[in-house]
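In what follows, a single structure is set out as structure tokens and then discussed.
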Amino acid sequence: MMQENSRFDIEALNELREGGEEYYFEMLETLTLSLSEGLEEMREAFQQKNWQRIGDRAHGMRGPCGHLGIDSLWHLLNKLEEKSNENPDPDEVEKLLKKTEDEASLVIQELVEMSSKKEFPNIDSEPGNT
């Protein structure tokens, strides 16, 4: 069962679930790996002061977050992309990157928990619609 304080949009997960159990778990694992790799790549790019690469990677990571309704992370990635592409202030980018890493870690933790249970969620109804 979905946690009430989930970072994911219930309707988006329900749509993902329509692809079947195997597809659902495959997508969770793919997103986990993609977020982990993206964070690592952005941190490396920051150390190299490669602002364009940070912005590009943040842009690429936004899509899946938007698709699954992970709004908090989507907004941080959007801000990071903007700040990396317009006369970046290294201190500001670093603070935003840290916030993004912190939020993404919580999202990844939730993804791992959802995947490890290997229970196909029962999320057919929205909260309040019984």
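Quick notes
- Loop-located GluC sites (Glu not before Pro) across segment 1-103 with a Cβ neighbour count of 14 or fewer within 10 Å are Glu4, Glu18, Glu86, with loop assigned by DSSP.
- Point-to-point label distance, Glu92-Glu44, nm (Cα→Cβ direction, 7 Å offset): 2.7 nm
- Using C-alpha pairs below 8 Å separated by at least 6 residues, the relative contact order for segment 10-113 is 28 percent.
- Cα-projected label distance for Lys99 with Lys117, points at 7 Å along beta-carbon direction, nm: 3.0 nm
- Sparse-neighbourhood loop sites, trypsin sites (Lys or Arg not before Pro) in segment 36-121 - DSSP loop, at most 13 other Cβ within 10 angstrom: Lys49, Lys118
- Stretching the chain fully between Lys79 and Gln52 yields a gain of 8.4 nm (0.36 nm per residue, less the alpha carbon separation).
- Lysine pair count for the chain with Cα-Cα distance under 21 Å and sequence separation of 8 or more or different chains is 11.
Values quoted throughout were computed directly from the atomic coordinates according to the rules given, and no laboratory measurement underlies them. None of these values were measured; they are calculated from a predicted model. With ideal geometry, Cβ positions are generated from the backbone for all residues, glycine too; neighbour counts draw on all protein chains shown.
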